[in-house]
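Encoded as structure tokens, the structure appears first; notes follow it.
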Amino acid sequence: MTRSATVVRSARLALRRFTADDAEQLAALHGDPDVMRLIDTGRPVPRAQVLARTLPEFLAEPGVRAAEVAATGEFIGWFALRPTRPGQSDEAELGYRLRRAAWGRGYATEGARAVLAYGFGELGVRRVTATTMTVNRGSRRVLEKAGLRYVRTFFEEWPDHIEGAEHGDVDYALSREEWAAG
């Protein structure tokens, strides 16, 4: 099995490559206003855009994994570990998005830890970063519980105003050495 086809597993999750069969579930996830409130433009992504852009990107990108509850096969979202710069495989950015029904169950932390373990152990990643809005307390807590450490708060001009943007964004990071020691 190639690295891109490998299913990353945790105690309760299976993280696998996306398929065309995931289209409607991905569109529903990205179309949920509560899920998207603190991401990108702060607004749901139209179904047509998810099908025309997002799904093809996910199908082509081996670092993006559909997340399923291992026991049932229920789609709950996705996790990603992507190079921070093209052609650079030793530093990657962690990302994830989960359905509201999966919130508060520890899946985000569990999936993030599984992706980190895979990245550091199997892919040879040296450093993982993640970024979220300062006001996104849920994501910040997930990143911290997964082992990432706060690096800085920064401010950028965004084309669309999202409530809370005036507080900036935060960077988190974790090195392979920190992961091994933790």
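The values are calculated or read from the model by the stated rules, or taken from the named source; none is laboratory data. These numbers come from a predicted model, not from an experiment. Virtual Cβ from ideal backbone geometry, glycine too; neighbours counted across all protein chains shown. When the accessible area is computed, the model is the full protein with side chains, heavy atoms only, and any ligands, DNA or RNA have been set aside. Shrake-Rupley method; radii C 1.70, N 1.55, O 1.52, S 1.80 Å.
Values computed for the structure shown
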{"item": "Scan of the range 127-152 for residues that are over 15 Å from W103 (Cα atoms) and surrounded by 20 or more Cβ atoms within 10 Å (Cβ to Cβ), ordered by number", "result": "V128, A130, M133, A146, L148"}
{"item": "Pick from the range 79-98, criterion closer than 15 Å to S139 by Cβ and not hydrophobic (A, V, I, L, M, F, W, C), ranking: surrounded by the fewest Cβ atoms within 10 Å (Cβ to Cβ)", "result": "E93"}
{"item": "Residue list for the range 95-118, filter: in contact with a Leu (Cβ under 8 Å, 6 or more places away or on another chain), part of a helix (DSSP H, G or I) and closer than 23 Å to D22 by Cα", "result": "Y107, A108, E110, G111, A112, A114, V115, Y118"}
{"item": "Output for the range 28-44, where each listed residue is on the phi > 0 side of the Ramachandran plot and open to solvent by 30 Å² or more (accessible area, probe 1.4 Å)", "result": "D40"}
{"item": "Candidates G168, G164, filtered to the one that is open to solvent by less than 20 Å² (accessible area, probe 1.4 Å), free of Cβ contacts under 8 Å to residues at least 40 places away in the same chain and more than 15 Å from the chain's Cα centre (by Cα)", "result": "G168"}
{"item": "Number of positions in the range 107-131 that are under 29 Å from A71 (Cβ atoms) and of a type in the set (V, I, T)", "result": "4"}
